[in-house]
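Below is one structure; the comments refer to it alone.
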């Protein structure tokens with residue numbers, strides 16, 4: 001290793017704390033094998049891959065390798081209802097896996113949902129996998145801290161998600177901290193600048209397990225002028241990303257998506273906002289929430305009209321309980337998964353939709369937008385919100401590799417909420433830019449990684465010894 005390689009290694013690749021793969025099955029595609037190989041050698045890393053690229057088999061193969069290496073079980077955390085799907089994947093690939101909802105630990109890979117984590121002891125496991133790890137942002141700060149603390153005590157860790165914080169670079173700190181890399185606040189102080197100079201206030205929020213950037217609208221963090229390249233190099237020291245196999249230098253083959261058709265529908269409110277003679281865009285979150293509640297009937301009626309009585313599978317996303325209840329009454333045969341349902345009831349309804357027993361599924365993105373494979377569905381309806389990640393994840397339940405038909409997304413909004421839709425579209429552009437940067441610098445990291453043999457990457461040049 002020459003000095004230039006040594007410096008690149010220290011600034012970009014980070015430490016490799018894993019081990020050589022013990023088992024690499026032939027059912028993995030070449031690009032999947034490359035990612036699993038890196039994650040095992042890394043020891044604690046993240047795989048940011050677009051939906052449908054096969055994160056589930058990659059996570060299972062990684063987990064099986066850790067089981068063989070440590071002779072200890074591996075814990076695989078998933079969103080609600082994804083556990084059954086993951087167990088089916090393990091059976092398909094002949095990998096030993098069990099579901100546990102009561103804290104009982106089995107040999108091999110133990111699959112449970114995030115909400116059951118408190119029943120387990122980290123000392124029982126040789127490794128931990130968080131499937132759809134970006135869902136951690138949906139949990140309260142204290143719960144998210146408990147998950148990070150649980151992982152901190154385990155040697156081998158893998159985060160798998162379609163994308164990390166597609167519209168907010170700062171939230172990449174959540175993944176970094178869980179992997180034992182830079183903490184959230186350390187990341188901010190090293191790479192970002194706060195124009196309001198309220199870092200102390202941000203630290204106080206962080207110490208309470210809260211994300212200041214999400215709570216305080218005045219928290220305007222931006223990358224320091226000289227820090228953009230070092231920031232992305234740092235991210236690539238603990239993560240790998242791809243939107244398609246060609247991002248890693250492989251042929252895309254069957255991993256080509258059909259068209260996505262997004263259509264906007266503007267419905268007219270039957271009443272104007274109090275004190276207004278005609279409809280105007282809502283200003284601020286308070287007015288937008290009032291607009292949403294005031295137009296529930298009009299928007300739900302339009303969705304019911306778009307869904308009609310077709311016998312095709314349709315996903316109907318909502319945000320309010322009143323929306324879900326009204327949609328369930330308006331759409332014949334529709335099944336609603338709501339927050340008041342038990343975990344078992346949620347899973348039963350999700351599986352009914354997956355199997356085709358239920359043709360119309362109504363739920364909120366924060367309940368069902370992560371992890372499920374619903375390529376049999378090619379039609380969705382949405383009410384827009386400011387959360388691009390919820391929209392992205394919801395759309396990707398259907399528009400994912402393995403889908404054979406064009407996917408139609410109907411977005412229903414009102415004049416008052418046009419600014420919400422515009423903000424969603426802006427975040428989509430920011431997400432694409434972020435992922436492009438991540439892939440660009442990941443390619444540089446891969447070039448250096450391939451030029452330095454794994455066994456030599458921690459060696460210091462003789463003249464520095």
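Here's a check for you: in the stretch 405-418, which residue that is modelled with pLDDT under 90 and surrounded by fewer than 19 Cβ atoms within 10 Å (Cβ to Cβ) is farthest from residue 256 (Cα to Cα)? Here the residue is 415.
I want to confirm something. Restricting to the stretch 404-447 and keeping residues that are free of Cβ contacts under 8 Å to residues at least 40 places away in the same chain and within 26 Å of residue 31 (Cα to Cα), which single residue is nearest to the chain's Cα centre (by Cα)? The extreme case among them is 432. Where helices (runs of 4 or more DSSP H) fall entirely within the stretch 226-342, those with at least 1 residues that are in the same structural domain as residue 179 (by TED's automatic domain parsing), surrounded by 19 or more Cβ atoms within 10 Å (Cβ to Cβ) and modelled with pLDDT of 85 or more are at 228-235. If you filter the stretch 393-403 down to residues that are crowded, with 22+ Cβ neighbours inside 10 Å and assigned to a helix (DSSP H, G or I), you find that the one that is nearest to the chain's Cα centre (by Cα) is 393.
Just checking, which of 27, 31, 19 is in a helix (DSSP H, G or I) and either at pLDDT 85 or above or under 24 Å from the mean Cα position of the chain (by Cα) (or both)? Before you say what the answer is, go through the steps one by one.
On the way: 27 fails: in a helix (DSSP H, G or I); 19 fails: in a helix (DSSP H, G or I).
Going through 27, 31, 19 in turn, the sole match is 31.
Anything in the stretch 355-375 that is part of a loop (DSSP other than H, G, I, E, B) and more than 18 Å from residue 331 (Cβ to Cβ)? List them, or say none.
Within the stretch 355-375, 369, 370, 371, 372, 373, 375 meet the criteria.
Quick check on the stretch 345-354. Is at least one of its residues over 21 Å from the mean Cα position of the chain (by Cα), over 11 Å from residue 81 (Cα atoms), part of a loop (DSSP other than H, G, I, E, B) and at pLDDT 90 or above? No, there is no match, as no residue in the stretch 345-354 is over 21 Å from the mean Cα position of the chain (by Cα), over 11 Å from residue 81 (Cα atoms), part of a loop (DSSP other than H, G, I, E, B) and at pLDDT 90 or above.
Let's see how each residue does on (1) in a helix (DSSP H, G or I); (2) surrounded by fewer than 18 Cβ atoms within 10 Å (Cβ to Cβ); (3) touching a strand residue (DSSP E or B) at 6+ places or on another chain (Cβ under 9 Å):
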residue	(1), (2), (3)
51	no, no, no
56	yes, no, yes
59	yes, no, yes
75	no, no, yes
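The values are calculated or read from the model by the stated rules, or taken from the named source; none is laboratory data. Here the structure is a predicted model, which is why all the values come from computation and not from measurement. For neighbour counting, all protein chains shown are included, and Cβ atoms are generated from backbone atoms with ideal geometry for every residue, glycine included.
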